[in-house]
1. Which one of Val199, Ser243, Thr294 is farthest out on the positive end of the charge dipole of the chain, using unit charges on Cβ (Lys, Arg +1; Asp, Glu -1) and the Cα centre as origin?
2. Based on C-alpha coordinates, I'd like the Rg and Dmax of the chain, in Å.
3. Tell me the relative contact order for region 182-262 as a rounded percent, counting alpha carbon contacts under 8 Å between residues six or more apart.
4. For region 63-167, what D do you get in µm² per second when you plug the Kirkwood radius from alpha-carbon pairs into Stokes-Einstein at 25 °C and 0.890 mPa s?
5. Sorted by accessible area (1.4 Å probe), largest first, how do Lys26, Lys186, Lys179, Lys149 line up?
6. Return the whole-Å distance between the Cα centroid of region 228-262 and the Cα centroid of region 177-224.
7. Say a paramagnetic label sat at a point 7 Å from the Cα of Asn249, along Cα to Cβ; which residues of region 35-75 have their backbone N under 14 Å from it?
8. Taking Cα pairs under 8 Å and at least six residues apart, what relative contact order does the chain come out at, in percent?
Amino acid sequence: MNKHILHLDLDTFFVSCERLIDSRLKKKPLLVGGTGDRGVVAACSYETRAFGIHSGMSMKIARKLCPEAAVIRGNTGIYSKYSNLVTEIISDKVPVFEKASIDEFYADLSGMDAFFGSYKYASELRQKIIKESGLPISFGLSQNKIVSKVATGEAKPNNQLLINKGFEKDFLAPLSIKKIPSVGQKTYEVLRNLGVDKVKVIQEMPLEMMMSVLGKNGKTIWKRANGLDNPPIVTYHERKSLSTERTYNKDTIDVKKLKETIFAMAENLAYQLRKGNKLASVFSVKIRYSDFNTYSKQIKIPYTSADHIIIPTVLDLFQKLYQRRLLIRLVGVKVSDIVNGNYQINLFDDTQQMLNLYNAMDTVRDKYGELSIMRASAMGAKTIGRFSNPFNGEPPLVLAHRKQ
């Protein structure tokens, strides 16, 4: 049976949502993202791209490049609502699909040729999404995920593209190597220094040469350039880690403020672990200084989800890591090595009173929201990134106003 893998991508998703809400924004240059000097562009309309603007760019620079662009902070609740609407349409029509991000989906249409025709079925699905959501969407269809994703990029905006079996290499050959997923800026520079600019050049290179230059990643890129990489559809995303970061509007050396932020992050992540019936054993802290040098430190401890263990552990990591006494731009906390389980009482150190306290605090948070109750030491850091439900199988939501 021939494989037919569909890749769907909602075009300029945040921008499209904002235009659905306010029709006056249609066909006008629009930027969605952080509105402060350190905000980044989470999404930009096609009208702004002629000025060299792209997602991930500093909002300050984007505004200078296109002063006439409207700037919107964004609303993650609205984006989640429309994403869920599209997800429901796809799940109702496709037996096996993967939600790769808030605006990106893969679906396995293999076997549908016998009944509908995979391309015809994909076309009808796309039209149904456009009609019921009002959002523009593009798709690529081929025999594997990578080629389909590249095809979607070539089909945009608001269009579709079929790559028939056997034509994968011909389709990829004239494209820039930047179009291959996993070729980031550093890899691109390495390949360009070798004189590699088009996918066709990689196709003509021996696999051994690619591996000698880029190691294991070279093999992956070579397979993708030849249309051979075929990762499976992943129907559920199991969280391997949780992390949260905070970039300050102004670089700071205020240790009290820094510790408040770290404290709040640790408290929040501990709550998320308990809420999802999870435990973690690896904890790390990240610091980015004003000169953009970034450092991190981690420690492995027995599995836990308890505040009175996690918070002191994270604060101690920060204390050991913060040695340069320079202005700090960003701090972050990450928990990993996550497994299923509930916190087990320590017979020597814990009390039933402590466990009852956690239960009472979490009950209040579940009913009235995370900010309804917190320790006094975290009161000064209410604006840290927070989760809704990180263990529900949904991919992480990239906040439109999140600062990098």
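1. Thr294
2. Looking at the chain, its Cα Rg and Dmax stand at 23.6, 68 Å.
3. Numbers: 25 pairs, mean separation 15.9, N = 81.
Across region 182-262, relative contact order equals 20 percent.
4. Values: Rh = 15.2 Å.
D = 161 µm²/s.
5. Values: Lys26 120, Lys186 170, Lys179 95, Lys149 70 Å².
These residues rank, largest area first, as Lys186, Lys26, Lys179, Lys149.
6. About 29 Å separates the Cα centre of region 228-262 from the one of region 177-224.
7. Within reach of a label on Asn249, which here means backbone N under 14 Å from a point 7 Å along Cα→Cβ, region 35-75 contributes 35-39.
8. Numbers: 719 pairs, mean separation 72.8, N = 404.
Normalised by residue count, the contact order of the chain is 18 percent.
The values are calculated or read from the model by the stated rules, or taken from the named source; none is laboratory data. None of these values were measured; they are calculated from a predicted model. Because the Cβ atoms are built from the backbone with ideal geometry, glycine has one as well, and the counts that use them run over all protein chains shown. Each accessible area value is taken on the protein alone, full model and side chains, heavy atoms only, with ligands, DNA and RNA left out. Shrake-Rupley method; radii C 1.70, N 1.55, O 1.52, S 1.80 Å.
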